Structures are given as structure tokens and as C-alpha cells.
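Encoded as C-alpha cells, the structure appears first; notes follow it.
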Amino acid sequence: MWFWFALGSAVFAALTSILAKIGIEGVNSNLATAIRTVVVVIMAWGMVFLTGGQSGLSSISRKSWLFLILSGLATGASWLCYYRALQIGSVSKVVPIDKLSVMITLVMAFVFLHEEFTVKSMIGCALIGAGTLFMVL
């Protein structure tokens, strides 16, 4: 089942780039990010209440709160950078560079989470890096 959600994520992420590029025309990139964020917040809390997830709010540990907040800050910084890049660059160049996050995530998962970094992972990272360079140069 995770595969279908991951594929849905990829499709919606692709739509996000196209819709954002069209919508950001003539709009301050920070304002556009704020509008997008409000929509995401409403949608996320709507899903929480729709599925009854709000009952777990009081059981979240301090560590989880800290790291979820830090993750939110990283997401916000990513979105601000992404929207600014989309505003001044072409989608076909911005998106491949943005997807270098796959390489960076794999390295960080190895360093900080001690996840396995296999030869297959290394080759995949090299191919993603090479593909990105090929697309943007």
C-alpha cells in the first residue's frame, strides 16, 4: 500500500510545481507560499478531524513535538526557497535540482539514522546527481 501513497505523492508533487508556476505569476513568492501553507494547514487538520486523529494530540512526547516543529521549520524554509526559485527560474530546471533532496536525504539517513547505505543506494545517488546535472546544464 505504501507504494501507491508514494506514487500519489509524486503525482501531486508534480502537479504542485505546474500549478504553482502558473499561480505565482505576478505574486510575491513569500505571499504565495503563505497562501499555499494556509490551504495545507486547513487540509491537514481537516483530515485529522475526519479520521479522529485529534485524540492522539495529548500523547505526543516532548521529543516528538521538538522534531515535528523542526521538521515544520525545514518544510517552511524549503517551500520559501522553492517558490522563489520557481518564480525566477523555469520549472524544468528548478524541479530536478529540488529532487536532489533524494540524494541528500539518503546521505543524512545514513549519517544520522544509521540506515544502510548500499552499493545500490550509492549508484542510485550517482545516477540522480548525473541526471540532475544533465537536465539543468
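List every residue pair whose Cβ atoms lie under 6 Å apart, where the two residues are 6 or more positions apart in sequence or sit on different chains, the first residue falls within segment 33-54 and is touching a residue at least 12 places away in the same chain (Cβ under 8 Å) and in a helix (DSSP H, G or I), and the second residue, located anywhere, is among the aliphatic types (A, V, I, L, M) and surrounded by 13 or more Cβ atoms within 10 Å (Cβ to Cβ).
Within 6 Å, the pairs are THR33/LEU80.
Within segment 111-120, identify whether any single residue is assigned to a helix (DSSP H, G or I), farther than 30 Å from SER29 by Cβ and either of a type outside the set (A, V, I, L, M, F, W, C) or in contact with a Gly (Cβ under 9 Å, 6 or more places away or on another chain) (or both), and answer yes or no.
yes
What tally of residues in segment 1-17 results from selecting those that are closer than 22 Å to GLN87 by Cα and loosely packed, with under 12 Cβ neighbours inside 10 Å?
Here the count works out to 4.
Every read-out reported here was derived from the displayed coordinates using simple, explicitly stated rules and does not represent laboratory data. All of these numbers come straight from a predicted model, not from anything done at the bench. Cβ sites come from the backbone with ideal geometry, for glycine too, and all protein chains shown count toward neighbours.
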